[in-house]
Structures are given as C-alpha cells and as structure tokens.
Amino acid sequence: MAEDPNRDQEIREKFWKELDSSPFMMLGLEGVEDDRTRPMTAQVDQSDDAATKDGGTIYFFGSKSDGVGRDLTGSHRAVATYTAKGHDLFAHIHGRLVPVQDRAIVEKLWNPMIAAWYKDGKDDPDLQLMRFDTEKAQIWEAHTGTSLVAAALRFVGRGDPGKELSKQTVTEVAL
C-alpha cells in the first residue's frame, strides 16, 4: 500500500472516474489452462455505495461456452488490466471472479450494447453474469514529460532517476 492515505483515496477516485469514462478491461482467470486475458466491458453497479467516488461492484456479462465464462465454474482467482482512454492511467487488478445468478442485477445492468451480443437477450442460455470482487490494484499514472525528466536527470549523473520517478507514479491500493 502507499504510505499516504489521502493519495490512496485520490488514486482510487481517479481510477473509478476513468473506468466510468472508458469501461473496457482485459480480464482473465489465474491457474486455468487458457489463462489469456480477454477484452470485456465492465458494468459498475454503484447503487450499493453511498459515495460513488469509492467505485462500486464490477460486473461483466460473458459467455458460458467461451473464454473466461467457460472456465468459471465457481469463485476463481482473476486478474484484470486497464488502460484509461487518455493513456494517463494504467491498472493491474487482482481479485475473485464469481458467477452470479441474479435476474435483478441482469435487469439493472442490461443495455443495448450488451443485448447486441446475445441472440435471446436476457434469456439467452449462454449468458453468464460475473462479479469481480476486487482485492488490490497497482495503479500507474503517466505524467507528460516524465521520460524527459528521467533522461535529463540521468544525463547530469543523478543515479537512477527511473526508480525515483516510479515511486511518484505507481500506487498499490485496496480497490
């Protein structure tokens, strides 16, 4: 974890804001034969959280017969990666992925973009709703000019600027 609780909260808020703006993540299961990550659209349910700045519960709609949904038979270790639309925030997230059989959540999160993928809509037998219970994340912020600063510091013989600058740009937080 980062040493500054205010910084942790700031980076969490920035992550949730960016995810709301561009909800696409690469999602995969750990320890399965096909452990490749796949592009998925995160559906964030903020209704259970009093303060939306703290995020919400992340859900994914997937297929029971393909990809992540095929290998998800119960609660399973999962990893997701995220790149913000502006390429100024990156995240590597660990947690558990759990299949969910809750029609009320399907109804709440369903939208035309999701519907386009399922022939029989919400009643498609291949539809798999999955909840991502996040545990921790490493979040990187990319600041304009960081590489130039590192090169300049290296040029004037100031040790290893990459290590110093990385302390300023990466934060490990509970998510």
If we ask which residues in region 85-95 are surrounded by 14 or more Cβ atoms within 10 Å (Cβ to Cβ) and under 14 Å from the mean Cα position of the chain (by Cα), their number turns out to be 7
Of those in region 107-125 that are more than 20 Å from the chain's Cα centre (by Cα) and surrounded by 15 or more Cβ atoms within 10 Å (Cβ to Cβ), the residue farthest from Val79 (Cα to Cα) is Asp124
Note on region 27-41: residues in contact (Cβ under 8 Å) with a residue 40 or more places away in the chain, on the phi < 0 side of the Ramachandran plot and part of a loop (DSSP other than H, G, I, E, B) are Glu30, Val32, Thr37
Checklist entry - Taking Gly62, is it in contact with a strand residue (DSSP E or B) (Cβ under 7 Å, 6 or more places away or on another chain), touching a residue at least 12 places away in the same chain (Cβ under 8 Å) and assigned to a helix (DSSP H, G or I)? => result no
Here the residues within region 65-81 that are part of a loop (DSSP other than H, G, I, E, B) and either closer than 10 Å to Pro99 by Cα or polar (S, T, N, Q) (or both) are Ser65, Leu72, Thr73, Gly74, Ser75
Could you go through region 72-95 and let me know if any residue there is among the basic types (Lys, Arg) and free of Cβ contacts under 8 Å to residues at least 24 places away in the same chain.
no
Restricting attention to region 88-98, the residues that are farther than 16 Å from Glu30 by Cβ, of a type outside the set (Phe, Trp, Tyr) and assigned to a strand (DSSP E or B) number exactly 2
Output for Cβ contacts, cut-off 7 Å, separation at least six or different chains, first residue farther than 14 Å from Met40 by Cα in region 112-140, second aromatic (Phe, Trp, Tyr) and assigned to a helix (DSSP H, G or I), reads Ile139/Phe15
Residues of region 1-35 being modelled with pLDDT of 90 or more, exposed (fewer than 15 other Cβ atoms within 10 Å of the Cβ) and over 17 Å from Phe90 (Cβ atoms), in sequence order, are Glu30
Test Thr57 against the criterion of being touching a strand residue (DSSP E or B) at 6+ places or on another chain (Cβ under 8 Å), hydroxyl-bearing (Ser, Thr, Tyr) and at pLDDT below 95, and give yes or no.
-> yes
With the first residue restricted to region 7-26 and required to be under 26 Å from Phe61 (Cβ atoms), and the second required to be part of a helix (DSSP H, G or I) and of a type in the set (Val, Ile, Thr), Cβ contacts under 9 Å at 6 or more apart or on different chains are Trp16/Thr52; Asp20/Thr52
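The values are calculated or read from the model by the stated rules, or taken from the named source; none is laboratory data. Everything numeric in this text was worked out from a predicted model, so none of it was measured. Heads up, the Cβs are rebuilt from the backbone with ideal geometry, glycines too, and the neighbour counts pull from every protein chain shown.
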